[in-house]
Amino acid sequence: MEVAQDLKKRLKAVVWPLLFACIAIYFGFHLVRNDNGLLALRAYDQRLDEAKLVLSELASERLALEKETNALRPSNIHPDALAEQARLRLNMGWPSEVLILGR
């Protein structure tokens, strides 16, 4: 009888820590591998960095386009620059005309 009680006492000493270790491993695994876990957070951060990079590229492109459109406003444009750009983009001019573009 004494052996059974000793075995039962030792089993109780092992079962509870083992149970808590299994619970900790379970929650730890899901903390890392869950849809909202640490690995998903890292992927979200990478996608956010990529989106910020695209946003900065688009913002610089937008500024360049705004600068170009502001230069084409009637109050800002020089008539010679307008004629030069029209000839350059439309590839038109008089046959006897010599066009020197300064770039």
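What follows draws every value from the coordinates through simple rules; no lab data is involved. Being a predicted model, the structure only gives us computed values, none of them experimental. Note that each Cβ is placed from the backbone with ideal geometry, even for glycine, and that neighbours are counted across all protein chains shown.
Loop-located trypsin sites (Lys or Arg not before Pro) in the stretch 29-96 (DSSP state other than H, G, I, E, B) with a sparse environment of at most 15 neighbouring Cβ atoms within 10 Å are absent. Helix 38-71 and the longest principal axis of the Cα set of the chain meet at an angle near 10°. Between 0 and 90 degrees, the angle of helix 2-33 with respect to the longest Cα principal axis of the chain falls at about 10 degrees.
Tell me the angle of helix 79-90 to the major Cα principal axis of the chain, expressed in degrees between 0 and 90 and rounded to the nearest ten. Value to nearest ten degrees: 70.
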